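Just so it is clear, none of the values below were taken in a lab; they were calculated from the coordinates. Predicted model only: the values in this text are computed from it and were never measured. Note: ideal-geometry Cβ built from the backbone for every residue, glycine included; neighbour counts use all protein chains shown.
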Amino acid sequence: MAQHDSVSAEAGAILGELGIDLSLLRADGDGTISARSPLTGEITARLATETRDTVNAKIERAHRAFLEWRLLPAPRRGELVRLLGEELRAHKDALGRLVTLEAGKIGSEGLGEVQEMIDICDFAVGLSRQLYGLTIATERPSHRMMESWHPLGVVGIISAFNFPVAVWCWNAALALVCGDPVLWKPSEKTPLTAIAVQALVERAIARFGADAPEGLAQLLIGGREIGEALVDHPKVALLSATGSTAMGRAVAPRLATRFARQILELGGNNAAIVAPSADLDLALRGVAFAAMGTAGQRCTTLRRLFVHESVHDAFVARLKAAYASVKVGDPREGDTLVGPLIDRAAFEGMQAALAEARAAGGVVSGGERVEVAGEAAFYVRPALVDIPQSAGQPDVVRRETFAPILYVMRYRELSDAIAQQNDVGAGLSSSIFTLNMREAELFVSAQGSDCGIANINIGPSGAEIGGAFGGEKETGGGRESGSDSWRAYMRRATNTVNYGTSLPLAQGVVFEV
Ligand code: UN1
């Protein structure tokens, strides 16, 4: 806390590059949160939190903004998102470094996250001229039936530490072109990246001019009770929440009580199948990135691997060598591939899962702590766990542990591997490595993977923004980002227009008065 009351010197320097006035950041208030950098465990920020009252006031402001913003033509709203994309391009490097400092991602992934924001901005700008409805054939003469898509209302966004800025942008870029103001509660673990992004969006709004109402994009720093205020407020029309399945179970019934719309992006327990015909070089790289990248802290991280018995030993031997050789270390060093876990709780959760896997008959390699930056930083060597066939899929394999653990199982029949892959609660992402077209097509068919994302010859993680992102079952069912995900941020009205002189009733009903 050298340079400023509320922000560490290192964080303050990056925020300074981003043009953020540190004197505006408050550490004193009714409540505070402290965030630590996973790189060293040092405190990077101590910040005042919102209260229920300030959150409610911000929701009311956002609602007033909605009443104006919805009247602006969508392509004009797109112009604001275009300006946001420009701000992000101009500040990509500094924001990427801040993501590294706060979330522990390696350099290219920190930058990649900002690139994902830029990509969705570009997508949303184009979308602002494509919010199409259908024209539908009617059964009545001289009638026309059509669908109109209208702005929905205030959108609440709850995001997680592991994608501290991109997930906000998937939601915000679409919401803003769809005519909806946004209120963002970032993870308590990553408030500074949120403050930086908020400054950039405010700069874009200032450049956009007076057409942008006050309260169009607001930030809410705080803990669980701040998220709950968003969940319960009747003027939050849509809540988009990313986090654990446990969080989704708490949030979904409360939203249902008030019939609010929801987009839930919850846990994943993603699998890959390596088939006999797989290109093993390619599969090795795909598996390594998906399982060890981001230190196993993506919701799309590969957690379960089914390898055909004919290639199992050769492939797993190569995988073990890759696991033993990746550099675990400070993510700011160019050759590091695996940065730190977010905190002590993540490390303890990983160790508990490995102990449970051992007790279930698993043979663990890796998983030990690596000394990089002292006691308060939690670096680990990614773990591979051989699960004997007799163990099936033990409980620990069936649930998501947010750490770099890959459970490896062997299979004989593809139908068994697919059945086992699907036999878990989560349904986010999946992939198969095969050069056999029958296997590949089966995997993506109705009898194949039951996940929201099913890939062939690439791993389950690292999706680009053009497709709809999300998953089934305990993953929550929501879709964000590309394709027609925008529809969740608008309301649909079916309009029937009679331009004739009589009033024929549908279904032949007669009602003469
Ligand atoms: C997440 O981990 O919450 O597909 C999102 C991916 C990224 C997004 C992950 N584009 O891995």
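Shape verdict for the range 295-350, please, from the Cα gyration tensor: rounded (a/c under 1.5), prolate (a/b greater than b/c) or oblate. Taking the square roots of the gyration eigenvalues as a ≥ b ≥ c, the range 295-350 is oblate. Remark: the range 60-68, residue by residue, has Karplus-estimated 3J(HN,Hα) of 4, 4, 5, 5, 5, 4, 4, 4, 8 Hz, where x stands for each Gly or Pro and the curve is 6.51 cos²θ - 1.76 cosθ + 1.60 at θ = phi - 60°. Relative protection proxy for 150-161, 473-484, from highest mean packing down: 150-161, 473-484 (other beta-carbon atoms within 10 angstrom). The simple spin-label model puts a point 7 Å past each Cα toward its Cβ; for R285 and D211 those points are separated by 4.5 nm. Using 0.36 nm per residue and subtracting the Cα-Cα separation, the extra length available between A506 and Q447 on full extension is 17.3 nm. Taking 29 Å as the limit for the C-alpha separation, the pairs K58/K473; K92/K185; K185/K473; K92/K235 exceed it in the case of K58/K473; K92/K235. In terms of its Cα atoms, the range 153-226 spans 34, 23, 20 Å along the principal axes, sorted from long to short. Considered as an equivalent ellipsoid built on the Cα gyration tensor, the range 270-466 has semi-axes of 27, 18, 16 Å, the largest given first.
Stretching Q389 away from S148 to a fully extended chain increases their span by 81.3 nm, per 0.36 nm per residue minus the current alpha-carbon distance.
Sequence-ordered 3J(HN,Hα) estimates for the range 259-276 from the Karplus curve with 6.51, -1.76 and 1.60 and θ = phi - 60° stand at 6, 7, 6, 9, 10, 10, 10, 10, x, x, 9, 7, 10, 9, 10, 10, 8, x Hz, glycine and proline given as x.
Counted residue by residue at 0.36 nm each, then reduced by the alpha carbon distance between them, the extension gain from R52 to S483 reaches 151.6 nm. Treating only the Cα positions of the range 363-513 as identical point scatterers, give the base-10 log of I(q)/I(0) from the Debye formula at each q in 0.13, 0.16, 0.21 Å⁻¹. Cα-only, vacuum Debye calculation for the range 363-513: -0.80, -1.05, -1.39.
Across the range 35-41, computed HN-Hα scalar couplings (Karplus, 6.51 cos²θ - 1.76 cosθ + 1.60, θ = phi - 60°) run 10, 10, 7, x, 5, 10, x Hz from first to last residue, x flagging Gly and Pro. By its C-alpha gyration tensor, with a ≥ b ≥ c as the square roots of the eigenvalues, how is the range 17-102 shaped: rounded for a/c under 1.5, else prolate for a/b larger than b/c, else oblate? The shape class here is oblate. Using the Cβ-Cβ distance between E139 and E464 with R0 set to 35 Å, the FRET efficiency from 1/(1 + (r/R0)^6) comes to roughly 0.25.
Projected over every direction and averaged, the convex hull enclosing the alpha-carbon atoms of the chain yields 27.7 nm². Under the criterion of Cα pairs below 8 Å and six or more residues apart, the relative contact order for the chain equals 17 percent.
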